[in-house]
Each structure stands twice: as structure tokens, then as C-alpha cells.
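This report refers to the structure that appears directly beneath it.
Values in this text are rule-based calculations from the coordinates and carry no lab data. Bear in mind the structure is a predicted one, so any value in this text is a computation, not a measurement. Here Cβ is always computed from backbone atoms with ideal geometry, including for glycine, and neighbour counts include all displayed protein chains.
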Protein chains: 2
Amino acid sequence: MYSFTEENYLKAIYKLQEQSSEAINTNAIAISIQTKAASVTDMIKKLSEKKLLEYEKYKGVVLTELGKKVAIETVRKHRLWETFLHNKLNFTWDAVHDIAEQLEHIQSQELIDKLDDFLGFPSHDPHGDPIPGKNGEIKESNFVILSELMEGETGIISGVVNHSSLFLKHLESNELILGKRIMVEEVVAFDNSFQVKIEGKKILQLSNEVARNILVKKMK
Amino acid sequence: MYSFTEENYLKAIYKLQEQSSEAINTNAIAISIQTKAASVTDMIKKLSEKKLLEYEKYKGVVLTELGKKVAIETVRKHRLWETFLHNKLNFTWDAVHDIAEQLEHIQSQELIDKLDDFLGFPSHDPHGDPIPGKNGEIKESNFVILSELMEGETGIISGVVNHSSLFLKHLESNELILGKRIMVEEVVAFDNSFQVKIEGKKILQLSNEVARNILVKKMK
DNA sequence: AAATATTTTTAGACTAATCTAAAAATTGTA
DNA sequence: TACAATTTTTAGATTAGTCTAAAAATATTT
Ligand SMILES: [Mn+2]
Ligand SMILES: [Mn+2]
Ligand SMILES: [Mn+2]
Ligand SMILES: [Mn+2]
């Protein structure tokens with residue numbers, strides 16, 4: 001139905017729209033998709049003709065309902081494939097994204113429905129991101145960033161803000177993986193670093209940079 | 001490494017080469033790949049420059065070792081994905097081919113290795129075709145077509161010659177599926193049709209056309 | 001408000017893959 | 001062997017997606 005490239009543009013614009021509330025400008029898309037502004041102008045004209053977004057010259061773009069639907073379907077496919085790669089094929093969580101970037105463009109509604117079923121209708125992908133449902137519904141997560149926890153508070157690691165391979169590998173090598181319980185023992189006033197305890201055992205020192213990129217579900 | 005289109009050409013030429021032993025001519029490729037002869041000429045020039053095949057003007061093409069390797073890898077990917085779709089996602093055997101045509105072009109050696117492992121290193125795909133190994137080895141099957149069996153002989157259904165969706169659906173609706181034991185009760189002299197018994201129960205009348213398109217492993 | 005800087009669009013070109021129509025080569029037949 | 005039929009190649013166009021360089025519009029400073 002829509003090309004590889006069209007789906008990638010829609011997904012990129014959708015993700016930018018999630019953060020900004022204003023119309024998305026050409027440059028932002030160019031940076032996000034690693035291409036040139038001139039190419040973006042060409043493509044958004046085309047997407048606009050196909051009623052996937054609204055485009056006003058020099059004013060940026062906003063996805064239509066149709067465009068948003070296609071974007072969310074692509075995100076759904078991406079996250080289901082990531083889950084498959086991690087849960088069934090034993091890929092580490094830092095390796096799944098690049099392959100899912102390819103798999104998300106396979107065209108077959110039945111394939112995605114059956115994959116979803118096979119995976120047991122997972123709610124979140126290996127990075128803790130919610131997987132949109134068949135009808136596009138996205139469950140809100142009530143996760144907070146670890147650096148918001150007070151001394152003595154506990155959370156379950158539930159996601160990441162930074163998705164870079166480097167960061168994910170760093171977390172994994174320190175047993176900071178999804179589902180682990182983590183308790184803040186001390187917030188060091190000097191550099192805002194965090195001393196934490198993982199599952200009653202290991203004590204770790206986390207830089208503020210790291211603490212700001214881990215999402216936890218707060219326990220009371 | 002190689003584009004979607006290049007892989008499709010190599011696979012098509014490989015399959016034609018399996019049957020003919022002579023150089024493969026332009027028209028045969030055009031028909032097999034559903035394109036025009038002029039397009040084929042352009043593409044084989046390109047594949048020749050990339051050392052994937054040897055091309056002599058007006059004389060057709062022969063794959064090089066490299067070209068054959070890429071073709072076999074593509075066949076391997078195709079058949080592993082078909083097996084995944086059938087065995088894990090419960091697609092019927094007539095539905096797997098079209099989706100595998102897309103999946104076979106996903107680029108990741110690690111993905112294929114892990115998929116192979118996940119499936120338990122299957123030797124044959126859902127249509128009974130052998131799955132090439134990681135190093136390109138293809139096991140010979142000693143299957144014969146059902147119409148070669150004599151009255152009283154028994155075979156295990158092990159593959160199909162015709163891969164069309166129509167034929168596969170027809171077989172399935174008659175319980176003629178891989179693994180079933182089938183015994184030839186009578187070969188009707190008039191039209192060379194076959195009266196067969198499946199697994200000790202059902203008796204079926206198969207046209208010669210059908211019998212010529214079923215592969216069986218002969219039992220003694 | 002004018003000048004300057006930045007962003008966006010346009011113009012024109014390029015690549016991969018395809019097509020149609022015409023020319024050239026090969027094959028089959030009288 | 002010559003003529004006709006078929007196959008293959010070439011020439012020139014097209015489409016999707018991309019790029020660079022230049023022009024136009026918008027935003028920021030003075
Ligand atoms: Mn991802
Ligand atoms: Mn993810
Ligand atoms: Mn197939
Ligand atoms: Mn098959």
C-alpha cells in the first residue's frame with residue numbers, strides 16, 4: 001500500500017509530533033530521517049497529495065488521521081518484530097532495532113495479527129515501549145525517570161529514554177534490565193549521581209546521565 | 001549487500017538453471033520474473049559487471065559461483081521463512097509463499113542463523129522442498145512422483161511439483177498433506193487416473209494430472 | 001525598519017529499475 | 001542460400017527517491 005520510504009517518513013513525523021505539539025518543520029524531519037531538506041520538501045508534497053498529512057509551504061506539516069493511522073501501524077509492526085527477535089530468537093535488546101527497521105515494512109495484515117497472537121499479545125517491546133493494539137490504541141505508561149525517585153524509594157525498571165545501542169549495552173552489563181527492582185539508597189548532592197541497590201544484592205553508582213535515561217514504575 | 005531486485009533475478013536464474021543445463025536466455029528470465037526482455041538485458045549486464053553471472057550477448061547467461069551462492073542463500077532464507085510461517089504462525093501451506101517472497105530479502109546473517117536454530121534446523125519447507133544449509137549444501141531428496149507408483153505400492157507424501165495456491169488448497173481439502181501414507185489401489189487404464197487409499201481410511205480418485213504433481217517417498 | 005542569518009523551496013541532475021518502439025542478430029524454413 | 005519469424009539488444013522515456021546549488025521566504029539582530 002505505502003512504500004518503505006513513505007512509511008519511514010510518516011513514522012518519523014509521528015514521533016516528532018509526539019514531542020512538540022506544533023507543526024513539524026522540514027529540517028527536523030531531515031535530521032531525524034538522515035536526509036537533506038530538499039528531499040523532505042519533495043516527499044511531504046507527495047504525502048500531502050496522498051492526504052497523509054497537511055502541508056502549508058514554509059509552515060511545516062501535521063499528520064492527518066490517515067497519516068497517523070499508518071504511522072501507528074508501522075510502530076506496531078516495529079515493536080512486535082522487536083519483541084519476536086528478543087523473546088523468541090534471543091537477540092539482545094540492543095540488537096533488535098536495526099533488524100526491526102527492515103521487518104516493519106513487510107506488507108501483510110494477517111502476518112502481523114498472527115505474530116501478535118504467537119507472542120501472546122505483548123503490551124510492551126523489549127525497551128519498555130508500548131505496542132499499539134490492532135485498532136491503534138496505545139496504553140499510557142505511568143513510568144517515571146529514575147532520577148525523580150527520592151532516597152529510599154523503589155521502582156521496577158520498565159523502560160529507557162535513550163535507545164542507543166551503547167546505552168543499552170551499558171545497562172545490560174550492569175544487570176540493569178527490564179523487570180529488576182531498584183532502590184535508591186542515596187542521591188549524592190555533589191554531582192546528583194545515584195547510589196542504588198538492585199534486587200537486594202548489588203550496589204551500584206549511577207551517574208545522573210544514566211539515571212535520567214532509565215524509566216521505572218514507582219512502588220509505594 | 002545485493003538489492004531486492006538483484007536477489008530476485010539471481011534466484012530466478014538459479015531455478016531455471018536447475019532444470020535446463022544450458023545457458024539461460026533472456027526471454028525465459030523475463031517470463032519467470034514477469035518483466036520485459038529489455039529490462040532483463042539491462043539487469044543481466046549489471047549482474048555481469050558485478051561478477052554474479054557470465055553473459056555473452058545473444059547467448060544467454062550462466063551464474064558464477066558467487067551468483068549461485070547468493071541465489072542459494074536467498075532460497076535458504078525463503079524456505080526458512082516459509083517454515084516459520086507454517087510451523088509457528090499456523091499459516092496454511094498455500095499462504096506462505098507470497099509473504100516469504102518479501103521476508104527473504106531481509107538483510108541479516110544473524111537473523112537467519114537464529115531463525116534456523118529456533119525452527120530446529122529443519123531439512124524441508126512446508127512444500128517438501130529441501131532447505132539449503134548454512135554453507136549452501138542441499139540434500140538430495142529421493143522422492144518420486146506418485147504417478148510412478150505401481151498398483152499395491154505405498155508412499156509417504158513428501159512434496160509437490162506444482163506449487164500453485166490452487167493446487168495446494170485442493171490437496172489440503174482432500175487430506176493430501178505432507179507425511180500422510182498413501183497406497184495405490186488401482187491405476188485406471190482408461191484415463192491413467194489413480195485410486196488411492198490414505199492412511200488406511202479414505203479412498204480417493206486422483207486424476208493423472210494430480211498424481212503427476214505429488215511427490216512421495218516410496219516405501220518397500 | 002533595515003540588515004543579516006537561517007530555513008525552506010525550486011531547479012536541475014543522478015541512480016535504479018522499469019517500459020515501449022525500433023534496430024540488429026539469430027534461428028527456422030522454403 | 002535466401003527469406004521470414006523470432007529473439008535480443010539498443011535508444012530514449014518514465015518514476016521514485018535522492019542530491020547540490022541557487023533563489024526565495026521567514027526569523028533574528030541591530
Ligand atoms: Mn526500535
Ligand atoms: Mn523498541
Ligand atoms: Mn515458496
Ligand atoms: Mn516452498
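Counting only the backbone N, which residues of the stretch A:129-163 are under 14 Å from the spot 7 Å out from the Cα of A:GLU199 toward its beta-carbon?
A:156-158
What whole number of Å gives the distance from the Cα centroid of the stretch B:172-203 to the Cα centroid of the stretch A:136-191?
So the two Cα centres are separated by 63 Å.
I'd like the distance between the alpha-carbon centres of the stretch A:50-120 and the stretch A:1-19, rounded to an integer number of Å.
Distance between centres, Cα-based: 9 Å.
Length gain on complete extension for the stretch A:THR64 to A:ASP98, per 0.36 nm per residue less the alpha carbon to alpha carbon distance?
Going from the current span to full extension adds 9.5 nm.
Let me check I have the definition right: for the stretch A:96-188, take the eigenvalues of the Cα gyration tensor, multiply each by 5, take square roots. What are those semi-axes in whole Å, largest first?
They are 31, 16, 11 Å, listed largest first.
Could you size up the charge dipole of the stretch B:181-220 around its Cα centre, putting +1 on the beta carbon of Lys and Arg and -1 on that of Asp and Glu, and report it in debye to the nearest 20?
The calculation lands at about 340 debye.
Would you mind computing Rg(Cα) / (2.2 N^0.38 Å) for the stretch A:1-106, counting N as its residues?
1.12
Based only on the alpha carbon positions, what is the Kirkwood hydrodynamic radius of chain B, in angstrom?
19.0
For the stretch A:9-62, what relative contact order do you get, as a whole percent, if you take Cα pairs closer than 8 Å and at least 6 residues apart?
Value for the stretch A:9-62: 33 percent.
Could you work out the equivalent-ellipsoid semi-axes for the stretch A:4-63, taking the square root of 5 times each eigenvalue of the Cα gyration tensor, largest first, in whole Å?
Result for the stretch A:4-63: semi-axes of 14, 13, 12 Å.
What trypsin sites (Lys or Arg not before Pro) does the stretch A:9-38 have in DSSP loop regions with at most 15 other beta carbons within 10 Å?
A:LYS36
Give me the one-decimal nm value for the distance between modelled label points at A:LYS220 and A:PHE121, 7 Å along each residue's Cα-to-Cβ direction.
Here the modelled spin labels are 2.8 nm apart.
Have a look at the stretch A:144-218 and give its Rg and Dmax from the Cα atoms, expressed in angstrom.
Both quantities, over Cα of the stretch A:144-218: 10.9, 30 Å.
What average count of beta carbons from other chains do you get within 10 Å of the Cβ of residues in B:94-106?
Partner-chain Cβ atoms within 10 Å, mean over residues of B:94-106: 2.
Using 1/(1 + (r/R0)^6) with R0 = 45 angstrom and r between the beta carbons of A:LYS88 and A:GLU186, what's the FRET efficiency to the nearest 0.05?
The computed FRET efficiency comes out at 0.70.
Where a Cα-Cα gap under 24 Å defines reach, which lysines qualify for B:LYS217, not counting those fewer than 8 residues away within the same chain?
Within the straight-line cut-off, B:LYS217 pairs with B:LYS15, B:LYS139, B:LYS169, B:LYS180, B:LYS197, B:LYS201, B:LYS202.
Where the Cα atoms of the protein assembly as shown are projected onto their three principal axes, how long is each span, largest first, in whole Å?
94, 52, 41
Calculate for chain B the 222 nm mean residue ellipticity that helices alone would give, adding -39,500 (n - 2.57) per DSSP H run of length 4 or more and normalising by residue count, nearest 500 deg cm²/dmol.
Result for chain B, helices only: -13000 deg cm²/dmol.
Highest GNM mean-square fluctuation, chain A, Cα pairs closer than 10 Å: which of A:ASN162, A:ASN208, A:ASN135?
Of A:ASN162, A:ASN208, A:ASN135, the most mobile in the Gaussian network model is A:ASN135.
So which of A:LYS51/A:LYS77; A:LYS114/B:LYS218; A:LYS50/B:LYS45; B:LYS88/B:LYS220; B:LYS88/B:LYS134 end up more than 26 Å apart, counting from Cα to Cα?
From A:LYS51/A:LYS77; A:LYS114/B:LYS218; A:LYS50/B:LYS45; B:LYS88/B:LYS220; B:LYS88/B:LYS134, over 26 Å: A:LYS114/B:LYS218; A:LYS50/B:LYS45; B:LYS88/B:LYS220.
Run through the other copies and list how far each one's label point is from that of A:GLU56, in nm with one decimal, shortest first; the point sits 7 Å from Cα along Cα-Cβ.
Ordered by distance, the counterparts are at 6.8 nm.
Which whole number gives the average, over all residues in B:108-118, of C-beta atoms from other chains lying within 10 Å of the residue C-beta?
3
Taking only C-alpha pairs under 8 Å that are 6+ residues apart, what is the relative contact order of chain B in percent?
15
Run the label-point distances for A:PHE4 please: 7 Å along Cα to Cβ, every other copy, nanometres, shortest first.
Ordered by distance, the counterparts are at 0.5 nm.
Can you list, shortest first in nanometers, how far B:MET150 lies from the same residue in the other copies, with each label 7 Å from Cα toward Cβ?
Going from nearest to farthest copy, the values are 9.1 nm.
HN-Hα J couplings of the stretch A:121-127 from phi, Karplus 6.51/-1.76/1.60, θ = phi - 60°, integer Hz, Gly and Pro as x?
Those phi angles translate into 6, x, 8, 9, 8, x, 9 Hz.
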